[in-house]
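Every read-out reported here was derived from the displayed coordinates using simple, explicitly stated rules and does not represent laboratory data. Here the structure is a predicted model, which is why all the values come from computation and not from measurement. Backbone-built Cβ (ideal geometry, glycine too); neighbour counts: all protein chains shown.
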There are 2 protein chains.
Amino acid sequence: MSAGINTYKIDLREVFFTLFEQFGFGQVAGQAPFDAWGSEEAKAVLNETYRFSKDVLGPLNASGDREGCRVENGSVITPKGFKEAWTKLYEQGFKTVGVSPDHGGQGGPMMLQVLVEEMLSGANSAFNMYPGLAFGAAELTAECGTPEQKKLYVERMLNGTWGGTMCLTEPQAGSDVGAAKTTARKNADGTYNIRGTKIFISGGDHDLAENVIHLVLARIEGAVPGTKGLSLFIVPKIRVKPDGSLLGPNDVTLGSIEHKMGIRASATCVLNFGENDACVGELVGGIENVGMSQMFKMMNGARIAVGIQGLALASAAYFNALEYAKDRKQGAPMNKWKDPTAPRAAIIEHADVRRMLLEMKAHVEGIRALLVKLAMHTDKAHMLAGKDDEQAAYHRGQVELLTPLVKSYGSDQSFRLCAQAIQVYGGAGYCQDYPVEQYTRDSKIFSIYEGTNHIQAMDLVGRKMGQAGGAHFQQFMADVGAFIDAHREHKTYGEAVKQLAAAQEGVMASAMAVLGWSQEPAKMTLIPLSANRFLNMMSELAVGWLLLDAAVIAERVGASATGDEKAFYEGKKWSALWYARNVLPNVEQAARMMATEDTSSVDISLEAFGAV
Amino acid sequence: MSAGINTYKIDLREVFFTLFEQFGFGQVAGQAPFDAWGSEEAKAVLNETYRFSKDVLGPLNASGDREGCRVENGSVITPKGFKEAWTKLYEQGFKTVGVSPDHGGQGGPMMLQVLVEEMLSGANSAFNMYPGLAFGAAELTAECGTPEQKKLYVERMLNGTWGGTMCLTEPQAGSDVGAAKTTARKNADGTYNIRGTKIFISGGDHDLAENVIHLVLARIEGAVPGTKGLSLFIVPKIRVKPDGSLLGPNDVTLGSIEHKMGIRASATCVLNFGENDACVGELVGGIENVGMSQMFKMMNGARIAVGIQGLALASAAYFNALEYAKDRKQGAPMNKWKDPTAPRAAIIEHADVRRMLLEMKAHVEGIRALLVKLAMHTDKAHMLAGKDDEQAAYHRGQVELLTPLVKSYGSDQSFRLCAQAIQVYGGAGYCQDYPVEQYTRDSKIFSIYEGTNHIQAMDLVGRKMGQAGGAHFQQFMADVGAFIDAHREHKTYGEAVKQLAAAQEGVMASAMAVLGWSQEPAKMTLIPLSANRFLNMMSELAVGWLLLDAAVIAERVGASATGDEKAFYEGKKWSALWYARNVLPNVEQAARMMATEDTSSVDISLEAFGAV
C-alpha cells in the first residue's frame, strides 16, 4: 500500500441507522445536559469526521505502519505526517465532542462520541492511540484530581497541548497489577519522589505535543502489598509551573520502544522514573492508597475504547473486502461454473465469498449496536442523575455489565473478521498492497491490552453479574425477555426470535451453573475455566438480540422505502437472520458444554503437557 | 527476536509416539520398497533433523523475516545465511528421505518424510519453501516427464543443484486457473515459445541454486478455453544442455516481489515469460493439453505440504508457549489468589492459561496423527501395489479423501492456535522478542495458497466424497465405526467414544443432506454454502477419533510406565478427553445447522451489503 492512498471506508447510512433509528438519538438530543445537540448537528459531526478520517488519517495508516516509530537522542520520533494530523485533529475538535464544556468540550452525548471514535480508529488505529490516551488521562484527572490539578492539566490534555499516558505495567506486574514495585517517597514540599520502571506504555513518549503527562501507579513507602497499597501520581515528562509554562525536564527517561506485530506507529515504551533520584510526582487528588480505584475510572473508558478499536477495524475490513469483492472478477458465475467461455463474475457472486461477507456484516452491525447501546445507557444515566435515581442506577448498571462484552467480543471478533477479510481477497489480501493484512496485525493486541479478555471474563462472572445483588444481569435478561415476548410471533422474525429465546435459556442455565460453582469450593475452578465461554455466550445473546431489534425496526420504518433505502433495510434483515441461524444456536450448545463441568485443563498434570 | 537465537522446539517423544506406537511404523519398515528402513534408522533421522532444525534453520527464522528478500539487478537476494543453510540441508540429505533411489534418494517411507518436513518447516517456514517447491517440481517431472526430462532435471532439483517452481497463477487467473492467458507456440525444433505473466510464484527467483526450473501452465495456440486447453512446460531460468551444463539466460525476467504479512523471507515473484519473444519451454512428457492433470500430481503433494506447514507452526507455537508458561511468573496461585504476599505462580498454574495450552496440545497432536495416517496410507498403497489391488485401492482412496482435511484443518487451526499462543504470552507475545507473532503472520497464507480452503472443501464434497461410488468415504466411516464399536464401553473413554459416535452421526446426516442437494437443482447452492462447514465437521470427527485411538493405545502400552513416561501417556488421555468434551459436540451442532438449509448469504441482494 503506497503512502497517501486512502483506504478507510464506512457506509454512513448504517451509522445513522444505529444512532437515529435503532437507539433514538432524539431521546437524548436537545435535553440537559445535551441541550445544544440535535440530529442535524450529530449528522454534521459524523460527516465531517468521516471526511477527516478518509482524507487526513487514512492516508497515514499504511505509511505509519511501514515507517514505524524510532528513537533519536532519547526521544520518540513518530512517523511522517503524524504531527500535522495531530494539530488538525485538535483544531477541528474531534476529540472534544463528548467532553464537558467545563473543560473546553462540546458537551455532546457519548452515543455520538463513540461513533466519532470508531471512524478515527478505523482510519488509523495506531495514530488515534496518542490522543486516546491523552483523553483518558484527562478524564481521570477531571474526575479525581484536586482543583489545582484539574485547572493545570485537564484542558491542556484535551486540546492537544499535552499528551497523556497511563503507567501500570511493570516487568513483573502485567495482569497482576498489584505486584508493582515502583515506589513513591514524600518530599518536604508535598510532592513525591518516584522510582521504578514501567513497560508497555502506549504513547509513553512522542513528538506530537510539547509535554506528556504520565499517570503512574506507585507504592508509597510503607503501604500494604497488593493493589490496596497503590497510589496514583501525576508525573509530567517536563515539569510545569502552575500557569502551565514549562520548567524543565523531569527525571523520566525513555528506555526503549517495542517492535511489534502491529500498531507499529504507536510508540510502546519502557519508561524509567527516577534513575537520578529526581523524579517528581504529584499525588492525584491528594489521597493516598486509592490509586487502583482511581485508575479504574480511566480503565473502564479505556476498555470501551478497545472495543471501539475492534469494531473500527472489523468494519473497515468489511467495507474494504466488500468493495474488492464487487470489483474483482474471478471464475464463472454460479449458474455457469462449468462454462470456461462464460464472462467472469465478480467474486461477490460466489456463494462462499458472500457467506464470508454476510458473516462480517452481521457481526460488525451487531457489535456497533452493542457499543451504541452502552453509550446510550451512559448518556441516560447522566440525564437522569438526580432526577430519577432508580432509572439512573439501571442505566449505570447496564454500562457496567456491557463493558466487558464490548471489550472482549469486540476485540476477539475484530481479529477473526480482519483475517476473514484476507480470505475474501485471497493471496492479494496477504500482501501489503491492500489494508487488511495490517488490520489483522493491528487488531491482535485488542484482546490483550487494557486487561486481557480473560480478565474481562472474570470481571463479568466474578464481579458484574453479582453487582447490586445481580440486578444488572437480571435487568439485562428482562430487557431481552421483553423483546422476545413482544416478537415471538413476528411474521418475518418469529423463528429467529425463538432461537433467541433458546439462547437466552442457555445463558440463564449457565449463569445458574456459575452461581452454583461459586458456592462450592471443590467446583470453584470451573469459574475461570468457563468464564471466557460464558462471556462469549452472553455477547452472542446480546448481539443476536440487537440485530433482531434492528431488523424489526427496519421492517417497520422501511416498509415503503425504495431504491437504495429499500436495499439498506433489506440488509438489516439478512444480518439478523444470518446471525440467528448461524451463531445463536451455538449459545445453546455452549450451555450444554458448560453443564458437563469439564475440568481436564486443570486435571492434567504440569508434566503431562510435554517436555520442552 | 535477535538473529541467531534458536526458537524452534518440539517434544520428540510425541513424534515417536505417533510414528511408532500409534501408526506402527514397523508395519512398513523393513518391507519392500522400504527394505532399508527400520525404527532405529527412523529415530536417527528424526533426531538429526531436530538438531539441524534447531541449530541451522531456527536461528535464521526471525532474522530472515526482518531482513526479507530484496531485488538487485533483476535478481532476488535471499536473507543472510540462507545460502549456507541450503547447502547444508542438501549435504545432509534431509530433502531426500522419502525420494526413490532411482533419483538419488533414500527410499524412506512417507510417514517418516512428513515428520522430517514438519521440523524443517516449523523451524523456518519461509526458508523451507524454496526446497519444498523444488521437491514438488522434481516429483512432477519424475512422474510425467519424458525419459530425457527425468534424466536432465529430476535429480538436480532433488539435490539442490537447481531450484524449481510451479507457475499457475496469473493476474486474472487465481482460483480460476483455467482463465490463464499464457501462450505457447511450437518452434521448428519441437520446443515451445512461451509468452505470459505469472504472479505469486513462490521461490520464482533466488540465489540459492545455480538455476531455477519453472513448470509453467500455458495454452498452446488453438487449444480450447478453460483448464482442458492447458499444457505444462519446463522453462528453465537459464537454458541447459542435455548434459546439464548451463547455456545462458532464457527469456524469463523477474517483474517484482510481493511485500507480505509473513513468510517474508520467501520470495513471492511476478515472472514475465517471453518479453523478448525468446522464452523457450519443453512440453512435459511431450503430451499436449494435459497440463492440468499433470499439475495436479504436484498439487496434491503441495496441499499435504501446506498441511504440514500448518501443523509445524502450530506445534512450534505450542511448545514455545508451554515453555514460556512454565517460566513466566505472574499472579498468585489459584488457591491463594486474594493474598498479595503469596509467592507468584508460573502462569501455567492459572486455569485459563492451562485451558489455552491444552486446547493447543490436543489440536496439534490430533492434526499430526491425521497427517501421519495419511502418509501411512500412501506408504501402504505403495507396498501393496501389484500385490493386493483392493487393499492398495483402499489406501489410495483414504489419501485422496484426507488430503483436503489435512490442508484445510491444518491451516485454519494453525493460524488460530498461533494467535492463541500470543494470548498465552500476553503483551510479550505481540512483540518480536518472541517467535509467536511471526508464526501467526506466517501461518495466515496457509489457508489461501495451493487452493484456498474453500477450494479444498469443494474438492471434498464435490469430488472426493463421490469418488469410487462413495467408497472412500464409506470406508473412512467404517473405520471410525469399527473403533466406536470396539471401545464404546471402554472404562476410561466410553463417554468420549459415545460423543464420537454422536459426531459421526452428525457427519453422516450432513453427508446425506449434501447428496440430496446435489440431486435437486434448486438446492445446489447449499453445497458451496455448506462445504467449509462440512469439511470442518469431518476434520473434527477424524481428529477426535485419532486422539481417542491414541489415548486407548497410551493407556494400554503405558500401563506400567513411570516418571516422564507416565506423564507422557497421561498427556494423551487429556488431549483426547479435552477434545471429545469441547470440540466433538460442535459436530452434532454443526449438523443441526446444516439441516436448517440457511441460504441467507445468497438470498441477500448485492445492493443490501452496503454502499462503498
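Tabulated data for the structure shown
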| read-out | value |
| --- | --- |
| From phi via Karplus (6.51, -1.76, 1.60), per-residue ³J(HN,Hα) for segment B:182-195 in Hz, x at Gly/Pro | 4, 10, 9, 10, 6, 8, 4, 8, x, 7, 10, 9, 9, 9 |
| At least 15 Å along the helix axis (C-alpha) and Kyte average at least -0.5, DSSP helices within chain A | A:110-123, A:125-144, A:291-327, A:351-384, A:389-425, A:467-487, A:494-518, A:526-557, A:584-595 |
| Whole-Å semi-axes of the ellipsoid equivalent to segment A:136-238 (Cα gyration tensor, √5λ, descending) | 23, 16, 12 |
| Beta bridges by DSSP in the protein assembly as shown, antiparallel share as percent, to the nearest 5 | 80 percent |
| Paramagnetic reach from A:ASP479 (point 7 Å along Cα→Cβ, amide N under 20 Å) across segment A:546-585 | A:546-554, A:576, A:580, A:584 |
| Intensity falloff of the protein assembly as shown expressed as log10 I(q)/I(0), Debye formula with alpha-carbon point scatterers, at q = 0.05, 0.06, 0.09 Å⁻¹ | -0.35, -0.50, -1.16 |
| Radius of gyration and maximum dimension Dmax of segment B:163-291, Cα, Å | 14.1, 45 |
| B from A by rotation - nearest chain A beta carbon to the axis, in Å | A:GLN589, 2 |
| At 1.306 mPa s and 10 °C, Stokes diffusion of chain B via Kirkwood alpha-carbon radius, µm² per second | 63 µm²/s |
| For segment A:429-456 versus segment B:536-612, the gap between their alpha-carbon centres in whole angstrom | 26 Å |
| For B:LYS338, label point 7 Å along C-beta direction: distances to other copies, nm | 7.0 |
| Over segment B:452-599: Rg over Rh, Cα atoms, Kirkwood Rh | 1.06 |
| Fewest-first ranking of B:THR378, B:THR599, using other Cβ atoms within 10 Å as the exposure measure | B:THR599, B:THR378 |
| Relative contact order for segment B:452-599, counting Cα pairs under 8 Å that sit 6 or more residues apart, in percent | 32 percent |
| Exposure rule at most 15 other beta-carbon atoms within 10 Å, DSSP loop GluC sites (Glu not before Pro): chain B longest free segment | B:276-488 |
| Convex hull volume per residue in cubic angstrom - Cα atoms of segment A:212-256 | 109 Å³ |
| Exposure proxy order (Cβ contacts within 10 Å, fewest to most) of B:ILE604, A:ILE220 | A:ILE220, B:ILE604 |
| Cut-off under 5 Å, modelled amide H: who pairs with A:GLY204 long-range | A:CYS269 |
| Kirkwood estimate for segment A:545-612, i.e. one over the average of 1/r between Cα atoms, Å | 15.5 Å |
| Gyration tensor verdict on segment A:148-189 (Cα atoms; rounded if a/c is under 1.5, prolate if a/b is larger than b/c, oblate otherwise) | oblate |
| Per-copy distances of the B:THR562 label point, shortest first, in nm (7 angstrom along Cα→Cβ) | 8.9 |
| Across A:LYS83/A:LYS150; B:LYS43/B:LYS361; A:LYS326/A:LYS373; A:LYS373/A:LYS523; A:LYS43/A:LYS373; B:LYS54/B:LYS373, pairs whose alpha-carbon gap is larger than 28 Å | A:LYS326/A:LYS373; A:LYS373/A:LYS523 |
| Rotationally averaged projected area of segment A:390-473 (alpha carbon convex hull; nm²) | 6.5 nm² |
| Inter-chain Cβ neighbour average for residues A:424-436, partner chain, 10 Å | 5 |
| Among B:SER75, A:TYR434, A:GLY262 - extreme Cα towards positive end, dipole of the protein assembly as shown, charges at beta-carbon | B:SER75 |
| Cα-based reach from A:LYS151 at 16 Å (exclusive), listing aspartates and glutamates while leaving out same-chain residues under 8 positions away | A:ASP102, A:GLU139, A:GLU143, A:ASP243, A:GLU282 |
| Cα centroid of segment B:209-228 to Cα centroid of segment A:304-355, whole Å | 29 Å |
| For A:ALA471, label point 7 Å along C-beta direction: distances to other copies, nm | 7.2 |
| Shape call, segment B:74-167: gyration tensor on alpha carbons, a/c limit 1.5 | oblate |
| Whole-number Å³ per residue for the convex hull built on Cα positions in segment A:250-342 | 172 Å³ |
| Spatial separation of Cα centroids for segment B:492-531 and segment A:461-534, in angstrom | 30 Å |
| Two-site FRET efficiency, A:LYS80 against B:ASP102, from Cβ-Cβ distance with R₀ of 56 Å, rounded to 0.05 | 0.45 |
| Relative contact order of segment A:295-595, pairs being alpha-carbon contacts under 8 Å that are 6 or more residues apart, as % | 21 percent |
| Segment B:GLU489-B:ALA342, length gained on full extension (0.36 nm per residue, minus Cα span) | 48.4 nm |
| Reach of A:LYS464 by Cα under 12 Å, taken over aspartates and glutamates that are not fewer than 8 positions away in the same chain | A:GLU400 |
| Cα-based Lys proximity count in segment B:163-291, under 28 Å, for pairs eight or more positions apart or on separate chains | 14 |
| Computed over segment A:12-148, Cα set: Rg, Dmax in Å | 16.5, 53 |
| Distant-in-sequence amide H partners of B:GLY108 (H built 1.01 Å from N, under 5 Å) | B:GLY98, B:VAL99 |
| Spatial extent of segment A:295-595: Rg and Dmax, with the Cα atoms as the point set, Å | 20.5, 72 |
| Assigned charges on the beta-carbon of Lys, Arg, Asp, Glu; segment B:12-148 dipole about Cα centre (debye) | 500 debye |
| Taking B:CYS167, B:CYS69, B:CYS144 and counting other C-beta atoms within 10 Å, the order from fewest to most | B:CYS144, B:CYS69, B:CYS167 |
| Dimensions (Å) - segment A:1-55, Cα atoms, principal axes, largest first | 46, 21, 14 |
| The protein assembly as shown - charge dipole about Cα centre, Lys and Arg +1 at Cβ, Asp and Glu -1, debye rounded to 20 | 260 debye |
